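Everything below concerns the one structure shown next.
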Amino acid sequence: MQLTEISSFFCPTRIHMGVGSHARIADILHAQGCRRLFLTVDAALLQGDFYARIRALLDAEGVAAAVYSDIEPDPSAATVERAFQACQAHGADMLLAIGGGSTMDVAKAVAILGTNGGRIHDYEGIERFSIPPLPLIAIPTTAGTGSEVSGSCVITDTERNLKMSIRHAALNPARVAILDPLALCSMPAAVAAHSGLDAFVHAFESYISRQANPITDAVNLHALRLIAGSIRPFVANRANLQAGLDMLCGSALAGIAFGQTGLGNVHCMARFVGAFFHLSHGLSNALCLPHVARFNLLADPAKFARVAQAMGCQVDGLAELDAAERAVQAIDALCADLGIPRRLRDAGVDEARLKEMAELCGKADYNRWNPRHTTAADFHALFLASY
């Protein structure tokens, strides 16, 4: 691989992983001298066994904990403000997020406000704050977003009807991430499939990104191996702890990488599919993935051939384009096996909005990252093919 410009790689998060690794919380809190902890938690977890284990550890450590769980999917700036007020009232010196991407993003936003002040709107964009946020421990309960290690959080501005991305590669990832498959056991199968495919797309698009480098390539290829090898047994049985750990590690690896490489057309299209038709981010990605993969193949068949190998395809002796085609076929089979609808229309997408979404995609400038240059007309064709 030849680099035409200076590139870099950075990961500031300490990661603990393995079955039962949530027990490390006590040591982490003790080392940080934490006495007042603010928790953001998915409401669905509050009556579950995993959350009960966490609370028992906090009680044994003598930590005063306040809990905030009124968090919606695609959380709003208003939710962040309410959570921040609760955090201030508690006088927290550290945060703990237990949940999916939305819960972790709220915790990240509250941590930023806790030291930088103002409104979360003030920090939209790249490196718009300079004071380190309150320290955050993140325990993902879905294997998909990689938010625990990524340098961004996404908060919805309901006044402008858009999603704000607050990005800082050094200061926005959690201080500590705990990857414990016991946290995944109660996840519904559909959520496991959609979030798992989100993680797959992160790794896939980061790997073929125009901003990829040798280190992100290595990270993403192993993420693809872990996810492709474990997502089917994991969706079939969330109590399969080895598969769950593989999914968590694959998701985190992709989360480390994609913030440094950017993502591509799948995420570009999914942004507007999800926003217009209120579909989950993971499902929106999965609906677009097979068609975008086929479109992008010609831009880098050598990398597609390596994706095929990472997904377990036999490509020995094949010409490069034929090996690359195996990756597209494997992606299509993976989506089918996980019950993803074959067409956008099957998920409730209205054909009348396709041209509008394509124009928005054209303006979003994902050509910085996507390996094949894509115009608004190309996006319209992709939407029509997916429809």
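Observations
- Calculated P(r) of the stretch 196-264 - Cα pairs past 15 Å, %: 42
- Rolling a 1.4 Å probe over the heavy atoms of the protein chains gives the stretch 198-296 an accessible area of 28 Å² per residue.
- Computed as a quarter of the hull surface, the mean projected area of the alpha carbon convex hull for the stretch 1-138 stands at 10.7 nm².
- Surface composition of the chain: carbon and sulfur make up 51 percent of the accessible area, probe 1.4 Å.
- Antiparallel beta bridges, as assigned by DSSP with both residues in the chain, represent about 20 percent of the total such bridges.
- Relative contact order (%) - criterion: Cα under 8 Å, at least six apart; region: the stretch 2-75: 35
- Segment residue 367-residue 236, extension gain: residue separation times 0.36 nm, minus the distance between their alpha carbons: 43.5 nm
- Euclidean distance between Cα centres, the stretch 125-153 to the stretch 312-356, Å: 30
- DSSP bridge pairs, the stretch 53-165: antiparallel proportion in percent, nearest 5: 40
- Label-zone membership for the stretch 160-197, site residue 47, 7 angstrom Cα→C-beta point, backbone N under 18 Å: 185-188
- Within the stretch 135-245, antiparallel bridges make up roughly 75 percent of the DSSP beta bridges whose residues both belong there.
- Peptides 99-112, 240-253, 214-227 ranked from most to least packed by the mean count of surrounding Cβ atoms within 10 Å: 99-112, 240-253, 214-227.
- Å² per residue, accessible surface of the stretch 1-130 at 1.4 Å: 49
- Considering helices alone, the calculated mean residue ellipticity of the chain at 222 nm is -16500 deg cm²/dmol, with DSSP H runs of length four and up weighted by -39500 (n - 2.57) and normalised per residue.
- Computed extension length for residue 333-residue 126: 70.8 nm, one decimal, from 0.36 nm per residue of separation with the Cα-Cα distance subtracted.
- Cβ crowding within 10 Å averaged over residues, with 12-20, 292-300 ranked highest first: 292-300, 12-20
- Considering only the Cα atoms of the chain, their convex hull presents on average a projected area of 18.0 nm².
- Linear extension gain, residue 119 paired with residue 189, 0.36 nm per residue minus alpha-carbon span: 21.5 nm
- Percentage relative contact order, the chain, counting C-alpha pairs under 8 Å, at least six apart: 15
- Nearby lysines by direct alpha-carbon distance to residue 163 (threshold 28 angstrom, same-chain neighbours under 8 apart not counted): 108, 355, 363
- Of the DSSP H helices in the chain, those whose Cα atoms cover at least 27 Å axially and whose Kyte score averages -1.0 or more: 189-208, 214-236, 241-261
- By accessible area with a 1.4 Å probe, ligands and nucleic acids excluded, highest first: order of 195, 130: 130, 195
- Chymotrypsin sites (Phe, Trp or Tyr not before Pro) restricted to DSSP loop in the stretch 119-227 with at most 16 other C-beta within 10 Å: none
The values are calculated or read from the model by the stated rules, or taken from the named source; none is laboratory data. Since we're looking at a predicted model, the values are computed, not measured. No Cβ is skipped: glycine too gets one built from the backbone with ideal geometry, and neighbour counts run over all protein chains shown. Remember, those area values only see protein heavy atoms, side chains included, never the ligands or the DNA or RNA. Shrake-Rupley method; radii C 1.70, N 1.55, O 1.52, S 1.80 Å.
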